[in-house]
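Comments concern the structure below.
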Amino acid sequence: MVRQDIQNIVILTGAGISAESGLATFRGPDGLWEGHRVEDVCTPEALARNPALVHRFYDERRAKLAEVAPNPAHEALAALDRAWPGDLLIVTQNVDDLHERAGAARLLHMHGELKSALCAACGKAVGWADPLPPGSACAGCGAPSLRPDIVFFGEMPYDMERIEDALAQADLFVSIGTSGAVYPAAGFVQMARHYGARTLELNLDPSAGSSYFEESRLGPASELVPELVRDLLG
């Protein structure tokens, strides 16, 4: 990696970076997420059909955060964030808070956050650390409409315009621990290449989009990410 050629960086992280901290990947080999069909806990239809199940599922995921900690991959990206002199944007598909707890600041959650509640009536989001029962009232508008602030299948991810602008300016795009199967994130590598960025994948196994990357490095994120950051920072 020739540091002099790189000024602006976009990094995409997926479930693989948090798996080493003990959080289950979004969709396991059996097609389930923590024992549930994804369609039963991560769609607007599921929320309307069985709000108690959906709220309880995310309550359990939120509580789990207290049992895990950032790993060396999160910590390395936070160190890069602190030291990198150019533009840097870490885009995560993850809904956990491990990047923040490691110290990353130039970060956005495109799929929402476990520690946030969203009002389905007025659209206001608020930090939330406790259980969130169905019918919880919004402090902004008073409607009993708070739901997990998670981007369900069929909903638009957050900050897409900002992400696309960053990809258009990027000299380097790095994807870490992603399946390469969930769009629109899976298309970021093609967008980055279209705008002329170098592209690098760090993953435990080849992803569905590996062929689109100029370079793929295989191994644990906790080893590969610190190596990349040391290379970038010299």
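The values are calculated or read from the model by the stated rules, or taken from the named source; none is laboratory data. Note that the structure is a prediction, hence the values are computed from the model and not measured. All Cβ positions, even for glycine, are placed from backbone atoms using ideal geometry, and neighbour counts span all protein chains on display. Only protein heavy atoms, including side chains, enter the accessible area calculation; ligands, DNA and RNA are left aside. Shrake-Rupley method; radii C 1.70, N 1.55, O 1.52, S 1.80 Å.
Overview of results
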| quantity | calculated |
| --- | --- |
| Pairs with Cβ under 9 Å, 6+ apart, first in segment 180-209 and closer than 13 Å to residue 167 by Cα and part of a loop (DSSP other than H, G, I, E, B), second open to solvent by 60 Å² or more (accessible area, probe 1.4 Å) and not aliphatic (A, V, I, L, M) | 195/169; 197/169 |
| Every pair of residues 6+ apart whose Cβ atoms lie under 7 Å, when the first sits in segment 1-29 and is at pLDDT below 90 while the second is open to solvent by 70 Å² or more (accessible area, probe 1.4 Å) | 3/234; 24/34 |
| Complete set of residues in segment 85-137 that are of a type in the set (Val, Ile, Thr) and under 22 Å from residue 57 (Cα atoms) | 92, 95, 126 |
| Residue list for segment 185-200, restricted to those being open to solvent by less than 80 Å² (accessible area, probe 1.4 Å) and more than 17 Å from residue 94 (Cβ to Cβ) | 187, 189, 190, 191, 192, 196, 197, 199, 200 |
| Members of segment 204-225 found to be open to solvent by less than 20 Å² (accessible area, probe 1.4 Å) and either touching a helix residue (DSSP H, G or I) at 6+ places or on another chain (Cβ under 6 Å) or of a type in the set (Val, Ile, Thr) (or both), listed by number | 209, 221, 225 |
| Selection count where residues are charged (D, E, K, R) and under 19 Å from residue 15 (Cα atoms), scope segment 187-234 | 4 |
| Any hit, segment 194-204, residues being at pLDDT below 95 and farther than 30 Å from residue 51 by Cβ | yes |
| Of the criteria (1) over 18 Å from the mean Cα position of the chain (by Cα); (2) closer than 27 Å to residue 70 by Cα, which one residue 142 fails | (2) |
